[in-house]
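Only one structure is covered here, and it is reproduced in the block below.
Where a number appears in this text, it was derived from the coordinates with a stated rule and is not lab data. Note that the structure is a prediction, hence the values are computed from the model and not measured. All Cβ positions, glycine included, derive from the backbone under ideal geometry; neighbour counts span all protein chains shown.
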Amino acid sequence: MVNSLESVKLRAQEAANRGAQDRSSALRRLDPRQRRALKLFQDSNTITSHDVGLLFGISARAARNLLSAWVGNGFLAVVDPAKKSRKYGIGDEFKSIVGN
């Protein structure tokens, strides 16, 4: 029975280590701005261009352009496509990083 429990413990630790490796490889693919933008997802599952503009100190237009590029490369996904209050969520490929 002890051997069985040890085996289960070992497999659980290996699975946890694989999860950490998955996150680190995803993090390596992000540029510095994207890494910094991850902070916005600590409090909410969605962000807006206003949030990004405040974080980086850029204009609303520059924030929208940046968000559009991030949607294009899969970092973000459009959650609410409304024109004035468009909301973005983390892309499927990067959800393991923020845990959402």
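Quick look at the values:
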{"quantity": "J(HN,Hα) series, the stretch 41-50, from Karplus relation 6.51 cos²θ - 1.76 cosθ + 1.60, nearest Hz, glycine and proline x", "calculated": "8, 5, 9, 8, 7, 10, 10, 10, 5, 4"}
{"quantity": "³J(HN,Hα) computed for each position of the stretch 59-68 - Karplus, 6.51 cos²θ - 1.76 cosθ + 1.60, integer Hz, glycine/proline x", "calculated": "5, 4, 5, 5, 5, 4, 5, 5, 5, 4"}
{"quantity": "The stretch 20-100 - charge dipole about Cα centre, Lys and Arg +1 at Cβ, Asp and Glu -1, debye rounded to 20", "calculated": "260"}
